[in-house]
1. Take the conditions polar (S, T, N, Q), in a helix (DSSP H, G or I) and surrounded by fewer than 23 Cβ atoms within 10 Å (Cβ to Cβ) and apply them to Q470. Does it pass?
2. Test A483 against the stated conditions and say whether it is surrounded by fewer than 19 Cβ atoms within 10 Å (Cβ to Cβ), part of a loop (DSSP other than H, G, I, E, B), in contact (Cβ under 8 Å) with a residue 24 or more places away in the chain and in contact with a strand residue (DSSP E or B) (Cβ under 8 Å, 6 or more places away or on another chain).
3. Restricting to region 505-524, count the residues that are under 24 Å from the mean Cα position of the chain (by Cα), part of a helix (DSSP H, G or I) and farther than 15 Å from V469 by Cβ.
4. Which of the residues belonging to region 49-67 are more than 17 Å from W266 (Cβ to Cβ) and more than 12 Å from the chain's Cα centre (by Cα)?
5. Quick check on region 245-254: of everything there that is more than 19 Å from the chain's Cα centre (by Cα) and crowded, with 16+ Cβ neighbours inside 10 Å, which residue is nearest to P482 (Cα to Cα)?
6. Is it true that some residue in region 88-103 is under 28 Å from the mean Cα position of the chain (by Cα), under 30 Å from R290 (Cβ atoms), surrounded by 15 or more Cβ atoms within 10 Å (Cβ to Cβ) and at pLDDT 95 or above?
7. Identify, from the list L40, L33, the residue that is within 20 Å of L454 (Cβ to Cβ), in contact with a helix residue (DSSP H, G or I) (Cβ under 9 Å, 6 or more places away or on another chain), among the aliphatic types (A, V, I, L, M) and surrounded by 22 or more Cβ atoms within 10 Å (Cβ to Cβ).
8. Determine whether R375 is assigned to a helix (DSSP H, G or I), over 19 Å from Y64 (Cβ atoms), at pLDDT 95 or above and charged (D, E, K, R).
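The values are calculated or read from the model by the stated rules, or taken from the named source; none is laboratory data. Nothing here was measured: the structure is a model prediction, and the numbers come from that model. Heads up, the Cβs are rebuilt from the backbone with ideal geometry, glycines too, and the neighbour counts pull from every protein chain shown.
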Amino acid sequence: MDDPAGMRRAGVVMPLFSCAGTASWGIGDIGDLAATTAWLAAAGQRALQLLPINEMAPSEQSPYSAISAMAIDPLFISLSAVAEFPGEESLSSDDRASLARVRRSASIDYASVRALKYRAFHGAFDRFVEADWRRGTERSRAFTEFLAGQAWWIDDYALFRAIHVREGERPWTAWPEALQRRDSVALMQARRELAREMLFYQYLQWLAHTQWRQAREHAHGVALLGDLPFMVDGDSADVWARQDQFRLDATVGAPPDAFSATGQDWGMPVYRWSAVARDDFGWLRERARRSAELYDGFRIDHLVGFYRTYGRPRDGGEPFFTPASEPDQLALGERVLAVFCEPGADVIAEDLGIVPDFIRASLGRLGLPGFRVLRWERLWHAEGQPFRDPADYPAVSVAASGTHDTETLAAWWESVTAHERRQIADLPTIQRLAGDGSELIAGAYGTSVRDVLLEALFASGSNLTLLPVQDLFGWRDRINEPATVNDDNWTFKLPWPVNRLDEVPEARERQARLRAWSQKHRRI
């Protein structure tokens, strides 16, 4: 990923939900970005790679399973910055106790956080309607201006959310038939009946939009990088509004790979690429536009799926790729990437997993950076499959120790063979940083081994280095485990409030080390 000045950069991968501060309500929120980016900037880091911030279903906690490709999850709204929220002292005693509990929790309790925040949101909205909306105040006019500018997506979204709540959060495929097929008379009636409810969800998006814009203005020169998920949930505003563009009789996923021996089934509908093309890729174009509005750049999740989508029929039939032929896959992928690049934001391609050679060749022709993950960068066709020296990574690439999907660097290192440790110790970059590499060969994962492996990525040929925050500190906590649904996925929180990182000796040491590496390897 080249930056406009052609300079090398480094950054950290960290979900927003993990970055909770002392004022947060049990989850990292938009207001925590200021402290997070201040710490990163002082560490010489110029990028923060986030996971998706799209709104999730009320029972969901995976950011890759959203009910809207456009809406920011209201969970990320900082209540302390909402003008209509009178303060925590206005909460009931039960809510104050619940708030204290979710703040103390070492992980995110999504159900409790949602319940707390939405009770506060409803109270704030009622005050806004009475004090501003009905009186046509300046704040009301700012809201109206926002609605006009975002009408291209927010009207359908708000209607979907309002109907969804009225229907007891049942999926849209279980709604009355006229609403399922979006009968114009039924939709008009729903808009009349649910006008106030629609306004509530629009109000939340306005709050999120305003706070996000302010966060970007105070990001201390750190680029905020987003993540464009491959799909949204089948029970989403987007699929409901574009039913002809998706196969609801099949689910998308990934074939067997390093993450799962049996493959992955994400439960989301499969793109009907012929219908998507007839619409001139309109929805994907809108998603790119929205991502460019929110971020300085964005990662394309599951890139290979935009070349060839792996589907599983719901009736248990044989899995398939669509399109089926390589020429059609190549044509589709390059067309989609052209659409994603149209808004002008920096684009990173997540090209991991089972990726055919022709796709990586395609990325090279297009000049788009893919990932170079240390553990998988090997000369696979050479005898002994030696690791590739990080110095040989191409400039147009992203060097990484792992992703949110992988086991941590510490866990991986403890699983490698003595032969693999020897191979890594013999790499020229490692030799320059660690001498004879005796500590690496010994196999124990201590701070010196951690730092040699991480610095090797700073020394790599890649223009951008991204380190997951767990690997930076040597932790073993995972963000998520692919192909697994449990209560632990997506609940990771930093062990310290982000606004107090400067008080933590371990965080200060890591900050200084990052800055030193960035200076030494020309990334600052």
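1. When the stated conditions are applied, Q470 does not pass them.
2. In short, yes.
3. Looking only at that region, the number is 0.
4. The answer is P58, and nothing else.
5. Filtering first and then ranking leaves T251.
6. yes
7. From the options L40, L33, the qualifying one is L40.
8. Yes.
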